[in-house]
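Colleague: Please find one structure pasted underneath; my questions will follow.
The values are calculated or read from the model by the stated rules, or taken from the named source; none is laboratory data. Bear in mind that the values here come from a model prediction, so they are computed numbers and not experimental data. Note that each Cβ is placed from the backbone with ideal geometry, even for glycine, and that neighbours are counted across all protein chains shown.
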Amino acid sequence: MAIRRRTLIAGGLAGTAALAFGVKPGDRGGSHDDYSRQLSKALQVVNLVRPTLVLDYGRFLANAEQVRKTLIDGPGRLPARIVVKSLPAVGFMNVLMQVLQTQRLMVFNMPMLDTVLRNYPDADILFGKPMPVAAVRQWLYTESNRDQLRNIQWLVDTPVRLQEFVELANTLKKTLRVSLEIDVGLHRGGFATPKAVKEAVAFAKENPHIEISGLMGYDAHVGKMPTLFDMQEDAWNACQQMYKDCVQVLRDSGLTPEKMTLNSGGSLTYPRHALYTAANDISLGSAFVMPSDFEKPSLKAHKPACFIATPVLKHVDPALMPGLEWADGLRRWWDPNTEQGFFIHGGHWLADPVSPPGLSLSGLYGQSSNQELYLGSSTMSLQPDDYVFFRPRQSEAVFLQFGDIAVYNAEKGRIEASWPVFPVSA
């Protein structure tokens, strides 16, 4: 019996060991690919040895051409409205306004509005989120700003906010153009039923200083819905039905929807709108630069065009755990991807390392905006002053964290321009 028990224990230990080896992490380390090596050289030539946002201009332009071909030259021949928060640099605007033949911009706060108007005083501006009326009032204290009102559509999401804009317009004796935000399924606010839209339009028509300029229905949820059981298709159809019903409300109220701004869209759904839509004005921004959150089937024709480049400051080998040095050998034996450490310049961005492959954030040190630690295997040859490349998960806010954007020409292998970004704003 004792012999059998020892045999069972030994067998159990052997099985446990076999199971452990079965899930033991493999070496994920690698080197920069040709693209990253060439980009590294280009950054070194211009002495960009700090965290830098890099735009691959060729890919960016190809994405813009894809939008032009799909949306503007597509079946519906729909105009594009550029989402400024996702592309916060005049350089982006200059290129896209020419390629897409549009003056339509979407802004999201008052400082952004000021920057846009300084550079594009004739732009057609639609707010992408409702502003507190106090912020609008303060902005309109400047007399010259009132001259721009003809080009601005303020977003209104509730009867209360509409009332506030009516009071402001009456006080100023100036016409304010307002677009009604409608809830097409995202459930992030806005008028939730055609009846609510009808009541808002009726109230606005009683006030001569308020002009209903159109509707805005953001459908970001559609592109992120599962395709299982036609959930995505059903969400799209529900979105379109709500929009059609609200357009009919405008028509029944004596307005002419065809002459109004019927805005919808988003980067993930613009290809759907290109085929059929109740809208006549399609917003998008991230599709031009493709941060990783937008890697969805609807954008499979688009290429990643933005990266964060930052140099390695320190290389430690082995990468010891503070206070747990005695256990470090076991950790490195178990996971070969923890053998070396690389402290980078900066960190804690909404971004993930993509080159060289195999880097992972140190769970012990955690995130740091100063010197973030990434771990890698012994097969990685990174040294101080070498670059690590990250792919942003989103462009809004992230693009404002690095100063001027380095514009990269991959065909020539060089940095060809530097685009100043907008002032930081929320």
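Colleague: I'm told A301 meets every condition in (1) over 30 Å from S395 (Cβ atoms); (2) surrounded by fewer than 16 Cβ atoms within 10 Å (Cβ to Cβ); (3) not aromatic (F, W, Y) except one. Can you identify the failing condition by its number?
Modeller: The number of the failed condition is (1).
Colleague: Taking the condition in contact with a Cys (Cβ under 9 Å, 6 or more places away or on another chain), touching a residue at least 40 places away in the same chain (Cβ under 8 Å) and assigned by TED's automatic domain parsing to the domain that holds S267, does G128 pass?
Modeller: no
Okay, residues lined up against (1) of a type outside the set (A, V, I, L, M, F, W, C); (2) assigned to a loop (DSSP other than H, G, I, E, B):
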site	(1), (2)
S213	yes, no
C239	no, no
K303	yes, yes
P311	yes, no
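Colleague: Further question on the same structure: Please state which of the following conditions D281 fails to meet, knowing it meets all the rest: (1) within 30 Å of K173 (Cα to Cα); (2) touching a helix residue (DSSP H, G or I) at 6+ places or on another chain (Cβ under 9 Å).
Modeller: For D281, the exception is condition (2).
Colleague: Here's something else I'd like to know. In the stretch 319-373, which residues are among the hydroxyl-bearing types (S, T, Y) and either surrounded by 17 or more Cβ atoms within 10 Å (Cβ to Cβ) or in contact with a helix residue (DSSP H, G or I) (Cβ under 9 Å, 6 or more places away or on another chain) (or both)?
Modeller: Residues satisfying the conditions are T338, S355, S360, S362, Y365.
Colleague: Would you tally the residues in the stretch 276-301 being within 21 Å of E233 (Cβ to Cβ) and assigned to a loop (DSSP other than H, G, I, E, B)? Even if it seems obvious, please write down each step before you answer.
Modeller: Keep residues of the stretch 276-301 that are within 21 Å of E233 (Cβ to Cβ), which gives 276-279, 282, 284, 287, 294-301.
Checking the rest, the ones that are also assigned to a loop (DSSP other than H, G, I, E, B) come to 276-279, 295-296, 300-301.
Of the residues in the stretch 276-301, 8 are within 21 Å of E233 (Cβ to Cβ) and assigned to a loop (DSSP other than H, G, I, E, B).
Colleague: What number of residues within the stretch 138-162 satisfy the criterion of being assigned to a helix (DSSP H, G or I) and either among the β-branched types (V, I, T) or surrounded by 15 or more Cβ atoms within 10 Å (Cβ to Cβ) (or both)?
Modeller: Of the residues in the stretch 138-162, the ones assigned to a helix (DSSP H, G or I) are 138-140, 143-146, 149-151, 159-162.
Applying the additional criterion that residues be either among the β-branched types (V, I, T) or surrounded by 15 or more Cβ atoms within 10 Å (Cβ to Cβ) (or both) yields 139-140, 145, 149, 151, 160-162.
Going through the stretch 138-162 one residue at a time, the tally reaches 8.
Colleague: Take the conditions under 20 Å from the mean Cα position of the chain (by Cα) and surrounded by fewer than 19 Cβ atoms within 10 Å (Cβ to Cβ) and apply them to V316. Does it pass? Don't jump to the end; show me each part of the working.
Modeller: On the way: under 20 Å from the mean Cα position of the chain (by Cα): no; surrounded by fewer than 19 Cβ atoms within 10 Å (Cβ to Cβ): yes.
No.
Colleague: Can you pull out the residues in the stretch 225-236 that are surrounded by fewer than 13 Cβ atoms within 10 Å (Cβ to Cβ) and not hydroxyl-bearing (S, T, Y)? Working first, answer last.
Modeller: Start the filter on the stretch 225-236 by keeping residues that are surrounded by fewer than 13 Cβ atoms within 10 Å (Cβ to Cβ), which leaves 226-231.
Result: P226, L228, F229, D230, M231.
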